[in-house]
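As structure tokens, the structure follows; a few thoughts come after it.
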Amino acid sequence: MAEHETAARHRTPENPGSEVGAFLRRRREQLAQRWADEPLFRTVFTVARDEAVEAGRVVVDALAQVAGHGRVEDPADPGFTVVREQLSRMAAARARTGLTPSRVSTEVDALRVPADELLVAELPDASAEHVRACTTALTVLMGTLRLVVMETALSEGEALIDRQRLQLLEVATPVIRLWDGIVAVPLIGTLDSARSQVVMETLLESVVDQQARFAILDITGVPTVDSLVAQHLMKTVAAVRLMGAECVVSGIRPAIAQTIVHLGLDLGTVITRASLADALGYALRRLGADIVRAAPGGAQAR
Amino acid sequence: MSAAAAGVEARLPIRSDLDLVRVRQHVRQASATLGFGLVEQTKLVTAASELARNTLVYGGGGEVEATMVGDGRRAGLRLTFSDRGPGIPDLERALSDGYTSGVGLGLGLGGARRLVHEFAIDSTPGVGTTVTVTSWTARAPRPRGGF
């Protein structure tokens, strides 16, 4: 025993990573218990402390595995794979309570302190050099964990934004059947290339489905009509025409009309109406239908 | 230019489609605050949209600087779009309607010039392009928040 201790005192570990890995396996239970009291675990697993301890054990196991591979600095180590989902759930739960990413990161960093204390307590007789090598390896490992948490949290956010963008594309472009053979799309918001593509596709599909003779594009909700938006509109009008239907652009406000003129856009080939009602009236008349009042006295009554 | 009304108000990056939306919103808000009428607001926003898209598509990204200016009688909004892109070799041609080096309608630059009161362009091939536009309110600035 004495011999072993002497050896330990003068030896610099050849692989501090695997030594940290062995330490984590030995102290798995104590560390999981200590971590369960840290804010990151305590506030996420509020129902039962056992759950927090179990989650802590899983993280300790993953870290031990990464350290065992000798790759304490590598966030891409396969050892992190099993905990990635759990870590992202924890980070997301903390973010939902209003914590900034840097605060979450600080909470992950707080896990280093108990681990560090346990490690140093294990090496009372080791040389300063040895202790330093081991604590450095542990610090790097915990830094890598911090990086992994941030990475997963960020990619979660990106995935959410992508999902919402797709949802918005579909939500924002309903095609409405106004009458037999007349469909309309109320456009709202920014008409960029991706959205105008969706508008064109859904409109052309419904022209076929509804056997529409008239398609109305209402741009009341489009705040800015610049040359790119106009180009998208004209392409849609041309495509609708190719399908054998007629396209009417409605909802051109006075300010937009003046701007289009100054911009030099030529919408001469496009049928335009000031309001959706005008466009519907135009289409109905062209279809041979007309809206008349039921009672002869109705006109005076209003 | 009166010293009180002058000053850099905002500097916005133009790096993505999303930045174009931000530029439009900022110009709309700033021009409304200065008391621009709805038509003038729409014209300036549209010009800003065209120029910001040019900065992004042809200049490879850049930034816009929005400055509130005043000449004592009326207020104005000055927008300076700058990029470090390839530059425009033939300005005369680029400003003419229907000419484009890309796939657009070729109305952006010439159209923007017609939508604002003052227009200046400075481009050096290989160095970049700077476009400065200014529009003025018809009357003296109204108090903030008023209609």
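Go through A:Leu263, A:Leu228, A:Leu204 for me and flag whichever is over 20 Å from B:Leu115 (Cβ atoms) and assigned by TED's automatic domain parsing to the domain that holds A:Tyr282.
Numbers: A:Leu263 fails: over 20 Å from B:Leu115 (Cβ atoms); A:Leu228 fails: over 20 Å from B:Leu115 (Cβ atoms).
Only one candidate passes the filter, namely A:Leu204.
Mind listing whichever residues of the stretch B:12-50 are more than 14 Å from the chain's Cα centre (by Cα) and either in contact (Cβ under 8 Å) with a residue 40 or more places away in the chain or closer than 14 Å to B:Thr67 by Cβ (or both)?
If the condition is that a residue be more than 14 Å from the chain's Cα centre (by Cα) and either in contact (Cβ under 8 Å) with a residue 40 or more places away in the chain or closer than 14 Å to B:Thr67 by Cβ (or both), then B:Arg15, B:Ser16, B:Thr33, B:Leu34, B:Gly35, B:Phe36, B:Gly37 are the ones that fit.
List the pairs whose first member sits in the stretch A:243-270 and is within 9 Å of chain B (Cβ to nearest Cβ), whose second member is of a type in the set (D, E, K, R), and whose Cβ atoms are under 6 Å apart, counting only residues at least 6 apart or on separate chains?
Close Cβ pairs satisfying both conditions: A:Thr259/B:Lys43; A:His262/B:Arg114; A:Gly264/B:Asp97.
Considering only residues that are surrounded by fewer than 21 Cβ atoms within 10 Å (Cβ to Cβ) and aliphatic (A, V, I, L, M), look in the stretch A:201-228 and name the one that is farthest from the other protein chains (Cβ to nearest Cβ).
Among residues in the stretch A:201-228 that are surrounded by fewer than 21 Cβ atoms within 10 Å (Cβ to Cβ) and aliphatic (A, V, I, L, M), the one farthest from the other protein chains (Cβ to nearest Cβ) is A:Val208.
Hey, can you tell me all the residues within the stretch A:1-49 that are charged (D, E, K, R) and modelled with pLDDT under 85? Give the steps one after another, and end with the answer.
To start, the set of residues in the stretch A:1-49 that are charged (D, E, K, R) comprises A:3, A:5, A:9, A:11, A:14, A:19, A:25-29, A:34, A:37-38, A:42, A:49.
Hits for the stretch A:1-49 are A:Glu3, A:Glu5, A:Arg9, A:Arg11, A:Glu14.
Tell me which residues, restricted to the stretch A:216-275, are within 16 Å of A:Val185 (Cα to Cα) and acidic (Asp, Glu).
Of everything in the stretch A:216-275, those that are within 16 Å of A:Val185 (Cα to Cα) and acidic (Asp, Glu) turn out to be A:Asp218, A:Glu246.
Yes or no, residue by residue, for (1) buried (at least 16 other Cβ atoms within 10 Å of the Cβ); (2) outside any helix (DSSP H, G or I); (3) of a type outside the set (A, V, I, L, M):
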{"site": "A:Leu87", "(1), (2), (3)": "yes, no, no"}
{"site": "A:Ala92", "(1), (2), (3)": "yes, no, no"}
{"site": "A:Thr106", "(1), (2), (3)": "no, no, yes"}
{"site": "A:Pro114", "(1), (2), (3)": "yes, no, yes"}
{"site": "A:Gly157", "(1), (2), (3)": "no, no, yes"}
{"site": "A:Gln167", "(1), (2), (3)": "no, no, yes"}
{"site": "A:Val183", "(1), (2), (3)": "yes, yes, no"}
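Just one of A:Thr272, A:Thr236, A:Thr259 is assigned to a helix (DSSP H, G or I), of a type in the set (Val, Ile, Thr), more than 34 Å from the chain's Cα centre (by Cα) and under 30 Å from B:Leu51 (Cβ atoms); which is it?
Values: A:Thr272 fails: assigned to a helix (DSSP H, G or I); A:Thr236 fails: more than 34 Å from the chain's Cα centre (by Cα).
Just a single option satisfies the conditions, and that option is A:Thr259.
The values are calculated or read from the model by the stated rules, or taken from the named source; none is laboratory data. Owing to the predicted nature of the structure, the values given are computational and were not obtained by experimental measurement. So basically every Cβ, Gly included, is an ideal-geometry build from the backbone, and we count neighbours across all protein chains shown.
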